[in-house]
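The values are calculated or read from the model by the stated rules, or taken from the named source; none is laboratory data. In this text the structure is predicted, and so the values were computed from the model without any measurement. For neighbour counting, all protein chains shown are included, and Cβ atoms are generated from backbone atoms with ideal geometry for every residue, glycine included. To get the accessible areas, we keep the full protein, side chains included, count just its heavy atoms, and leave off ligands, DNA and RNA. Shrake-Rupley method; radii C 1.70, N 1.55, O 1.52, S 1.80 Å.
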Amino acid sequence: MKILVLNCGSSSLKYQVLEMSPNDNTLLAKGLVERIGSPNACHTHKIDGKDKYQVEKPISNHTEGIKSVLDILTDKEYGVLKDLSEIEAVGHRVAHGGEYFFKSVAVDEEVVEKIEKCCELAPLHNPANLTGIKAMAKLMPDVPQVAVFDTSFHQSMPDYAYMYALDYSYYEKYKIRRFGFHGTSHKFVAEKACKLAGLDLGKAKLITCHLGNGSSITAIEGGRSVDTSMGFTPVEGVTMGTRSGNLDVGVVTFLMEKEGLDAAGINNLVNKQSGLQGISGFSSDCRDLVDAEKSGYKRAELALAKLAYDIKKYIGAYAAVLNGVDMIVFTGGIGENSDRVRELVCTGLEYLGVDFDFAKNNGTRGVDVELSKPKSKVKVWAVTTNEELVIATDTMNIVTEMQERAAQSENN
Ligand code: ADP
């Protein structure tokens, strides 16, 4: 089954086409349309074994962006499809499913309405995701679409984990609660790491660390998320590329008064100017900070130390939440690649039963690998994540089920 995976952002869209079967999958093409809405939008497209295709042209909205994608997919030189009818389903990444969705679903009118209702919870992302769904429905009306939510994996959190200690009426009125994000990645790496390490996902106690520009840590028990570090928005939790992570709310009110900032100003400050960027004063990129630390730049050292300290505190907290831990999993750009951050996090976790293999960790990047010593009570693994593959897999499963149900009712 050929599946188009779409991830629509406010002014960009990422896509992949995958050939999926129950036991195998192949990536046929992937690409990115950037600066949608501007006269010099850019479409980059890549298939295996060929130079990448890249053109700048005006693309005024997502429908035009998707048209550009469909055109290149059937192009004589760069295409991977003879005809668009080969696409059997489309899977969409959707940022926020609120309390409506605890798993991926086939898109229908009711689903679209509910995603619309979640727009105020994710004002930058959900409207863009919806634009993609609506554009696709217009361009390929007979192709089934599936929505895969960043939040749904965390809907299994108990109420005491997701509540904020605010007046309960705010939860009732506005759904002010913790939701968590990166759900597809946490779920994927938990399953993958258990398979690789020979653990039973149904019984294992896991702490998964998705560390990228945005980072979150999740406590998983029996394959279900029981707590996660991001909250009502992705700002909560550990220090990130440009997000502050946890912050005393008193700092916010203080800065609003001192700097004359309004809600938009604070939003910009905690989302765009904080984190590794804010502390180091020169980069949000972990690679730059590791290089700068080596050359003795103190604030780069401080930014990395703060990041690792935050992660370590969550590991301690979640070990308590889970009453023990069988495996710690690192993933995401930093988790998969930064031996320095993994080393900082795993130094001093002996009390927990972690016997980290520092020599093996050194220089290891971008592979699925065990980083603890064979006799370590708590296993440590780094595994590569693949959110698009989760979206394609969920889409294939849901669409196959729909097809089987349709065939059955025809037979009846
Ligand atoms: P996003 O959250 O945008 O998906 P990624 O998961 O791609 O982000 O992670 C980006 C982060 O990964 C950056 O901080 C980058 O420096 C870091 N990273 C990527 N490759 C390496 C590497 N080889 N060594 C250290 N950090 C790396």
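Sort out which residues of region 234-252 are within 15 Å of the ligand (Cβ to nearest atom) and touching a residue at least 60 places away in the same chain (Cβ under 8 Å), and write them in order of number. Listed by number, the residues that qualify are G237, V238, T239, G245. Looking at this structure, is F153 within 12 Å of E99 (Cα to Cα), in contact with a Phe, Trp or Tyr (Cβ under 8 Å, 6 or more places away or on another chain) and open to solvent by less than 70 Å² (accessible area, probe 1.4 Å)? The answer is no for F153.
Kindly list the number of the only condition in (1) without any contact (Cβ under 8 Å) to a residue 40 or more places away in the chain; (2) within 15 Å of the ligand (Cβ to nearest atom) that fails for I311. For I311, the exception is condition (1). Taking the stated definitions as given, is T228 more than 14 Å from the ligand (Cβ to nearest atom) and under 23 Å from G98 (Cα atoms)? The answer is yes for T228. For region 85-102, a tally of residues being open to solvent by 50 Å² or more (accessible area, probe 1.4 Å) and not charged (D, E, K, R) returns 3. Look through region 202-216, keep the residues that are away from the ligand (no atom under 14 Å from the Cβ) and open to solvent by less than 10 Å² (accessible area, probe 1.4 Å), and return whichever of them is farthest from I311 (Cα to Cα). Ranking the candidates gives A204 first. Scanning region 219-252 for residues that are touching a strand residue (DSSP E or B) at 6+ places or on another chain (Cβ under 7 Å) and of a type in the set (D, E, K, R), we see that the one that is least open to solvent (accessible area, probe 1.4 Å) is D227.
For every residue, the table says whether it meets (1) crowded, with 17+ Cβ neighbours inside 10 Å; (2) small (G, A, S); (3) over 14 Å from G132 (Cα atoms).
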{"site": "N7", "(1), (2), (3)": "yes, no, no"}
{"site": "L13", "(1), (2), (3)": "yes, no, no"}
{"site": "L18", "(1), (2), (3)": "yes, no, yes"}
{"site": "N23", "(1), (2), (3)": "no, no, yes"}
{"site": "L27", "(1), (2), (3)": "yes, no, yes"}
{"site": "L32", "(1), (2), (3)": "yes, no, no"}
{"site": "R35", "(1), (2), (3)": "no, no, yes"}
{"site": "V80", "(1), (2), (3)": "yes, no, yes"}
{"site": "S104", "(1), (2), (3)": "yes, yes, yes"}
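Return the residues of region 82-108 that are assigned to a loop (DSSP other than H, G, I, E, B) and over 28 Å from the mean Cα position of the chain (by Cα); say none if nothing qualifies. Correct list: K82, D83.
Filtered by the rule that a residue be open to solvent by 40 Å² or more (accessible area, probe 1.4 Å), more than 16 Å from the ligand (Cβ to nearest atom) and either within 11 Å of M240 (Cβ to Cβ) or among the hydroxyl-bearing types (S, T, Y) (or both), region 253-289 gives a lone residue, T253.
Test of understanding: among E370, E336, which residue is in contact with a strand residue (DSSP E or B) (Cβ under 7 Å, 6 or more places away or on another chain) and within 12 Å of the ligand (Cβ to nearest atom)? Among E370, E336, only E336 is in contact with a strand residue (DSSP E or B) (Cβ under 7 Å, 6 or more places away or on another chain) and within 12 Å of the ligand (Cβ to nearest atom). For region 290-324, a tally of residues being over 19 Å from S376 (Cβ atoms), open to solvent by 30 Å² or more (accessible area, probe 1.4 Å) and part of a helix (DSSP H, G or I) returns 15.
Return yes or no: is A128 in contact (Cβ under 8 Å) with a residue 40 or more places away in the chain and touching a strand residue (DSSP E or B) at 6+ places or on another chain (Cβ under 7 Å)? For A128, the condition - in contact (Cβ under 8 Å) with a residue 40 or more places away in the chain and touching a strand residue (DSSP E or B) at 6+ places or on another chain (Cβ under 7 Å) - is met. Restricting A382, A359, A392 to those that are within 16 Å of the ligand (Cβ to nearest atom) and of a type in the set (G, A, S) reduces the list to A382.
Of the set (1) free of Cβ contacts under 8 Å to residues at least 40 places away in the same chain; (2) over 25 Å from L70 (Cα atoms), all apply to P141 but (2).
Entry remark, region 26-62: residues being basic (K, R) and outside any strand (DSSP E or B) number 3 in total. Look at K114 and say whether it is farther than 30 Å from S38 by Cβ, touching a Gly at 6+ places or on another chain (Cβ under 9 Å) and open to solvent by 50 Å² or more (accessible area, probe 1.4 Å). The answer is yes for K114. Of everything in region 120-131 that is open to solvent by less than 30 Å² (accessible area, probe 1.4 Å) and part of a helix (DSSP H, G or I), the residue that is farthest from E236 (Cα to Cα) is L130.
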